[in-house]
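Engineer: Following this message is one structure expressed as structure tokens.
Taken together, the values in this text are just the output of simple stated rules run on the coordinates, not laboratory data. Fair warning: this is a prediction, and the values are worked out from it, not measured in the lab. Positions of Cβ are backbone-derived with ideal geometry, glycine not excepted, and every protein chain shown enters the neighbour counts.
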């Protein structure tokens, strides 16, 4: 079990309700949910999607917006582990199990504010810019189960001490999974709160620019345990062994409560903060809008506040989760570019958009960012139609390509390429009030990671055994918001 690591810290990646890169949430305003491509917007949601475009808003004075979203995800792992024929570790030499993770963020709020004059505007935004929810694996994770199984089997074949036989020799055979019970549980919570402030200026009737910044605050908590408890038959054998070999009882037999073979538990909270400089440009000519926004890399280190860390025999593997340890979790630089066009003035408009997240140059724990094939590419398109002065309908789509690799993917930190569809509409309740409603869902491509024994084996556990993991996800988000001008 030399590489058995309880990486509950990385469950954070499993709970993002995002429609963006590996660490970003771009679904901040309901207008995004219902249209997806909002990078050429000149409405209040442009505070986040196209901040330079705020200078071209059609309303001077204050505009406010409040948005509430509810997001629900599943993140599943179908694990298959095979051992050499006759080894006897698993019945029929194969272990197969589906591990289900459920994530929910029932309330994800965001708020916008902008004050505009004919030449300049100041704007701000508060929201959950990364993470955003809780994820629970009620049965733990396959990495941990396989490590306990393989490690317990391997140790039972080794001499307990100099001059002593192995447990397998005195018990009449190695300790296999049918002789004990594994209880695993993992739960994570992660939020990256962001507060943005910036200034937009209209240079002339066509050009505007933006400069601002966002303060990001990371807050997370990860709890979990892995227990392996001897069954009645194995427990009785241990009791008989203690009578026959008193030295085993005092020195070598498991000493945890209730015949425990393995006990690992963790309760680790993390906090950290970082600053993101942001610049933007907007060009408007007749019905055409061209826009760009660039977010610089955010250096973000998160520090452990560990209340529980119980891992006798696994201290070295758990050292990264000791109290006070810092872990890099940078938010990458991001380039957003968009082109929007009004096909029918004040009636029908559409937008195409591209996002690039430079994930390979944003430091992650254990340098995982270097294992990506490339940064994240996103392609978006959306259309919006004003049926009349009261009702608007819209739809859009997004394609996300993360540049994933086998070395990047793991039980505790995996992603899947995807495409998303968004639908919804808006109602102009009055001259100054607009109600937005949106829904989007994401379809993911399953990712299969093959791990043959000759190439290091299943998740690096010892002894090396062949296995594979199939990672899958689902995501559904519903939201409602209100924009108010005064």
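Engineer: Using alpha-carbon pairs under 8 Å, 6+ residues apart, how would you state the relative contact order of the chain in percent? Each step should come with its number before you reach the end.
Structural biologist: Values: 1413 pairs, mean separation 95.4, N = 486.
Averaging sequence separation for qualifying contacts and normalising by length gives 20 percent for the chain.
Engineer: What percent do you get for the relative contact order of segment 319-404 when only Cα pairs under 8 Å and 6+ apart count? Mind dumping the intermediate values first?
Structural biologist: Working: 163 pairs, mean separation 21.5, N = 86.
Computed value for segment 319-404: 25 percent relative contact order.
Engineer: What length, rounded to one decimal in nm, is gained on full extension from residue 265 through to residue 381, with 0.36 nm per residue of separation minus their alpha-carbon distance?
Structural biologist: Working: separation 116, 0.36 × 116 = 41.76 nm, distance 4.59 nm.
My answer for the length gained is 37.2 nm.
Engineer: What's the angle, to the nearest 10 degrees (0 to 90), between helix 232-244's Cα axis and the longest principal axis of the chain?
Structural biologist: Taking Cα atoms only, the helix is inclined about 40 degrees.
Engineer: Ranking request for peptides 49-60, 181-192: highest mean number of other beta-carbon atoms within 10 Å first, then the rest in descending order. Provide the component values of the computation, followed by the final result.
Structural biologist: Details: 49-60: 23.4, 181-192: 21.0.
Descending packing order for the listed peptides: 49-60, 181-192.
Engineer: If I take every Cα pair under 8 Å that is 6 or more residues apart in segment 380-486, average their sequence separation and divide by the length, what percent do I get for the relative contact order?
Structural biologist: Values: 213 pairs, mean separation 24.7, N = 107.
The value is 23 percent.
Engineer: Computed from the mean reciprocal separation of all distinct C-alpha pairs, what Kirkwood hydrodynamic radius does segment 350-472 have, in Å? Working shown, then result.
Structural biologist: On the way: mean 1/r = 0.0569 Å⁻¹.
It works out to 17.6 Å.
Engineer: Something else: Taking only the alpha carbons of segment 260-303, what extent do you get along each of the three principal axes, in Å, biggest first?
Structural biologist: The Cα atoms of segment 260-303 stretch 73, 20, 12 Å along the principal axes, largest first.
Engineer: Starting from the Cα of residue 115, step 7 Å along the direction of its Cβ; do the same at residue 162; then give the gap between the two resulting points in nm.
Structural biologist: Here the answer is 7.9 nm between the modelled labels.
Engineer: Rounded to a whole number of µm²/s, how large is the Stokes-Einstein D of segment 115-221 at 37 °C and 0.692 mPa s, given Rh as the Kirkwood radius over C-alpha pairs? Working shown, then result.
Structural biologist: Working: Rh = 19.6 Å.
Translational D for this selection: 168 µm²/s.
Engineer: Separate question: Looking only at segment 383-412, which residues have a backbone nitrogen under 17 Å from a spot 7 Å from the Cα of residue 360 in the C-beta direction?
Structural biologist: 401-409
Engineer: May I ask for log10 I(q)/I(0) of segment 56-158 at q = 0.16, 0.18, 0.20 Å⁻¹, from a Debye sum over the Cα atoms as equal point scatterers with solvent left out?
Structural biologist: For the requested q values the scattering log ratios are -0.83, -0.93, -1.01.
Engineer: Could you pull the Cα extents of segment 258-371 along its three principal axes, largest to smallest, in whole Å?
Structural biologist: The Cα atoms of segment 258-371 stretch 75, 29, 26 Å along their principal axes.
Engineer: While we're looking at this one, here's another question. Which semi-axes, in whole Å and largest first, does the equivalent ellipsoid of segment 161-205 have when worked out from the alpha carbon gyration tensor as the square roots of 5 times its eigenvalues? Don't skip to the end; give the middle numbers.
Structural biologist: On the way: eigenvalues 895, 43, 19 Å².
Square roots of five times the eigenvalues give 67, 15, 10 Å.
Engineer: Same structure, new question: Starting with the highest mean, order 72-84, 196-208 by the number of other Cβ atoms within 10 Å, averaged over the residues of each peptide. Please report the intermediate quantities before stating the final value.
Structural biologist: Values: 72-84: 19.8, 196-208: 17.2.
Most protected by this proxy first, the peptides run 72-84, 196-208.
Engineer: Also: Compute the label zone of residue 335 within segment 259-291: residues whose backbone N is under 15 Å from the point 7 Å along Cα-to-Cβ.
Structural biologist: 279-281, 291
Engineer: For the chain, what is Rg from Cα atoms divided by 2.2 N^0.38 Å, rounded to two decimals? Don't jump to the answer; show the numbers that get you there.
Structural biologist: Numbers: Rg = 26.8 Å, N = 486, 2.2 N^0.38 = 23.1 Å.
Rg over 2.2 N^0.38 Å, computed on Cα atoms: 1.16.
Engineer: Another question, then. Mind pulling the angle between the C-alpha long axis of helix 142-156 and the longest principal axis of the chain? Nearest 10 degrees, somewhere in 0 to 90.
Structural biologist: 20
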